[in-house]
Each structure stands twice: as structure tokens, then as C-alpha cells.
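Data first, discussion second: the structure below is written as C-alpha cells.
Just so you know, all these numbers are worked out from the coordinates, no wet-lab data involved. Everything quoted here is computed from the prediction, not taken from an experiment.
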Amino acid sequence: MELNIETIQALAKIMSEEKLTSLALDQGNLKIEMKREIGSAQPSGITYQEAPIAATVPLPHHTQPVAAEAIEIAETAHWKEIKSPMVGVFYQSSQPGNPAYVTKGQHFSEGDTLCIIEAMKLMNEITAETPGTIMEVCVGNGQVVEFGQVLYRIVED
């Protein structure tokens, strides 16, 4: 699929006509994620990722309201993935009700605890090997994870 303004407008039109709040497309190195809030005048935006290009492309004002959402094109070439070293249950905090160790957009230092993976009744802290910033939390709290499954996408400092 070639990414151009017509493609983006067509996807936005589908979202509007079908009253979708989100739409994700993943084809190889092309990843498009579109989100909007129903009843809000300010849509949350569209994320498009294709390494190594980075730019911000505003849509023309003459398109339909959903298509007028800003497009954020993220350069993912510098993103690193933190993967699960084991099979187990992913926990974002040490106890239910406690704040998460890290959240999207948060900076962390080397050695900081990022999460806990429970395996065979043992709580295994997953710590940061390098300092960085959380760009995406890929797993939900309490979700079972597999060995090698991506837990976080980060940008290293």
C-alpha cells in the first residue's frame, strides 16, 4: 500500500462512515493507527509509522471532519524494544492499586524497575539496562506474556 493523502482521506472516511473510534493497519514496515474521540471537537490524532522517514503532514482543511485530524509520523528507527525474558503474568506495579512503575512518556534510569513478571509464583523484576523514555506500553496489566513478547518500546538516552 502506498501512503498518500488520498489513502489517508479514504481511511478517515471509513472511520467516519462506520463511526469507528480507532483503526489500525499493519503491513510490513507500514503501520497506521488512527484514533478519535466521539463527541469531542478535538480528535486525538492519527499515528503513521514507516522507518526511517519522519515528518508531520497536516491534512487539507477541505476534507471531512475526521480527515482533518493531525497526522503524527513517528520515526521508529531509533525505538528499541524491551522484551519479556520469560513466560508469565505482566504487572505494571508491585501491588494492585499502586501506581505503575513506568508509563508512556516517562523517563527512566538504568537499573529502574519497569515491571514485574510473575512466573511459577515468583515475582521477577524487569529492570532497565539503559536510561531512556517509554514510547509505548505494549502489554496490559495482568496479561499473560510469552518469552520474547514486546513489553515496551523505548527511546534510549
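The length gained by stretching the chain between LYS19 and THR130 to full extension, at 0.36 nm per residue less their Cα-Cα distance, is 35.8 nm.
For LYS121, the lysines whose Cα comes closer than 21 Å to its Cα, not counting residues fewer than 8 places off in the same chain, are LYS83.
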